[in-house]
Amino acid sequence: MGESRSVVENRSVAARVLIVDDHESFRSSARLLLEAEGYEVVGEAATGVSGLRAAADLEPDVVLLDVHLPDVDGFDVAARLATGPGAPRVVITSSRDASDFGTLIQRSGARGFVAKNELSGEALAALLD
């Protein structure tokens with residue numbers, strides 16, 4: 001924990017995170033992992049629409065965003081979130097590999113991609129530099 005926390009602090013990474021994923025078990029485990037590594041998880045959302053609302057209300061610095069949501073495609077949500085002044089930094093996540101999405105990640109305006117099974121504070125910090 002100490003080493004990952006120092007990674008977050010040393011890189012001056014904004015620590016306020018919103019997790020948008022339709023699987024409650026992933027949101028819960030991601031919250032525990034990120035909070036243990038020095039991030040402040042300010043909210044969770046299970047759909048794209050609720051994620052957009054939560055981002056507007058909570059003004060997170062980072063949105064950890066699943067690709068597959070029940071209502072709106074995660075790439076569309078990312079594109080909406082990534083525009084405008086004070087926009088949060090968006091990191092796409094999925095249980096699939098980044099190569100499965102081609103150029104969609106970059107075109108969405110997201111800062112990058114981290115596979116769900118590789119999520120860590122350090123992996124997140126590397127994308128936010």
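The numbers here are math on the coordinates, done by the rules we state, and not lab data. What you see is a predicted model; the values in this text were computed from it and never measured. Cβ sites come from the backbone with ideal geometry, for glycine too, and all protein chains shown count toward neighbours.
Summarising the label geometry, the points placed 7 Å from Cα in the beta-carbon direction at D129 and R96 lie 2.9 nm from one another.
Here segment 76-115 is described by how far its Cα atoms reach on the three principal axes: 30, 15, 13 Å, from widest to narrowest.
One compactness figure for segment 21-129 is 0.95, namely its Cα radius of gyration divided by 2.2 N^0.38 Å. Fully extending the segment from L32 to A115 would add 28.2 nm, taking 0.36 nm per residue of separation and subtracting the current Cα-Cα distance. Taking Cα centre as origin and charging only the Cβ of basic (Lys, Arg, +1) and acidic (Asp, Glu, -1) residues, the dipole magnitude of the chain rounds to 260 debye. The relative contact order of the chain comes to 25 percent, based on Cα pairs under 8 Å that sit 6 or more residues apart. Grab the other residues whose beta carbon is less than 12 angstrom from that of L33, score K and R as +1, D and E as -1, and report the net. Around L33, the surrounding residues sum to -1. When only Cα pairs below 8 angstrom with a gap of at least 6 residues are kept, segment 55-129 shows a relative contact order of 28 percent. Close amide H contacts of G112 (hydrogens built in the peptide plane, cut-off under 5 Å, sequence separation of 5 or more or a different chain): I92.
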